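The values are calculated or read from the model by the stated rules, or taken from the named source; none is laboratory data. Please read all numbers here as calculations on a predicted model, not as lab measurements. Note that each Cβ is placed from the backbone with ideal geometry, even for glycine, and that neighbours are counted across all protein chains shown. These area figures cover heavy atoms from the full protein model, side chains too; ligands, DNA and RNA do not enter into them. Shrake-Rupley method; radii C 1.70, N 1.55, O 1.52, S 1.80 Å.
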Amino acid sequence: MEVSSRSEYQENYNGFDPRKYLDQFYAVDEDHKMTEEAIFLFTFLKNVFSAGRVEGNSLIEIGAGPTICHILSACENFKKIYLTDYVERNLQEIEKWIKGDREAFDWSPHLKYVCDIENHRSTEEKAEKIRRKVSLMKCDVTKSNPLEPNSLPLADCVIVAACLICACKNAEEFKTALKNIVSLIRPGGHLVLNDYLGASHYTVGEAKFSVLSLDENIVREAVSESGCEIQEFRTCTDLQFPEEVFNCNVCFCLLARKH
């Protein structure tokens with residue numbers, strides 16, 4: 001089912017600079033101190049995947065953007081990981097890191113933080129595991145098969161992080177996109193959803209991008225209507241974004257199981 005005009009969406013993201021986005025939202029200070037949002041997200045994902053509740057052969061992240069941070073714990077539990085995005089430049093940014101390009105974004109502080117909270121062996125071992133397991137692929141959440149023209153066996157888990165408020169203009173589009181995404185999950189498999197509540201825009205450098213303002217009720221309705229049951233829903237209200245950068249102070253993470 002089609003939702004937003006893809007040409008309209010593409011036009012909105014013509015000015016998107018993946019490296020500026022990473023430097024603005026993911027860079028850490030000299031002490032490698034994580035933001036409250038990062039601590040919240042990494043802790044949630046560590047608890048989901050380290051507990052062994054969610055594992056299997058394959059994981060797909062829909063709308064990964066230019067980041068690898070949502071799979072840092074998940075990489076231990078799956079044989080194959082597919083990172084997907086609609087914007088080709090985002091995938092190219094990830095590819096730089098996978099290939100060890102000296103100009104790639106430095107994810108070592110994030111890897112170290114996750115390894116520390118997992119009591120993991122080494123950041124180098126985890127980084128190598130991710131590089132070995134990850135494949136990159138285009139996606140479009142407006143299509144009934146978001147991976148079209150490709151197809152994959154039904155996944156054991158799908159992660160959708162900070163993607164749908166960018167791709168959808170209203171609640172109905174959000175619900176339709178989530179149904180399309182959940183169609184990629186096997187019965188009994190899991191959905192991990194991370195996004196923001198009450199936002200309307202964010203900026204990257206001089207470029208400003210509109211986003212869908214969600215509330216918790218819409219999210220819960222969309223997950224239920226997609227055929228999943230929420231097992232855990234948590235929010236973080238300690239976001240410290242300047243108003244002109246991102247007008248939002250609430251993010252959420254949820255874990256759901258497909259019927």
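Values for this structure:
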quantity	calculated
Subset of the stretch 104-143 that is part of a loop (DSSP other than H, G, I, E, B), open to solvent by 20 Å² or more (accessible area, probe 1.4 Å) and at pLDDT 95 or above - its residue that is nearest to I68 (Cα to Cα)	D106
V219 vs. criteria under 18 Å from the mean Cα position of the chain (by Cα) and part of a strand (DSSP E or B)	no
Selected residue (criterion: most open to solvent (accessible area, probe 1.4 Å)) from residues of the stretch 186-198 that are over 20 Å from E37 (Cβ atoms) and under 16 Å from the mean Cα position of the chain (by Cα)	H190
Selected residue (criterion: surrounded by the fewest Cβ atoms within 10 Å (Cβ to Cβ)) from residues of the stretch 28-52 that are part of a loop (DSSP other than H, G, I, E, B) and in contact (Cβ under 8 Å) with a residue 12 or more places away in the chain	G52
Residue count, the stretch 156-185 (criterion: open to solvent by less than 10 Å² (accessible area, probe 1.4 Å), closer than 12 Å to V141 by Cβ and either of a type outside the set (V, I, T) or free of Cβ contacts under 8 Å to residues at least 24 places away in the same chain (or both))	6
Residue in the stretch 146-155 that is within 19 Å of G188 (Cα to Cα), out of contact with any Lys or Arg (no Cβ under 7 Å at 6 or more places or on another chain) and open to solvent by 20 Å² or more (accessible area, probe 1.4 Å) present	yes
Residues (out of contact with any Leu (no Cβ under 9 Å at 6 or more places or on another chain) and either within 16 Å of I71 (Cβ to Cβ) or in a helix (DSSP H, G or I) (or both)) located in the stretch 164-191	E172, K175, T176, K179, N180
Conditions (1) part of a helix (DSSP H, G or I); (2) farther than 25 Å from Q24 by Cα: number failed by E93	(2)
All positions within the stretch 211-259 that are farther than 21 Å from E36 by Cα, hydroxyl-bearing (S, T, Y) and surrounded by fewer than 17 Cβ atoms within 10 Å (Cβ to Cβ)	S224
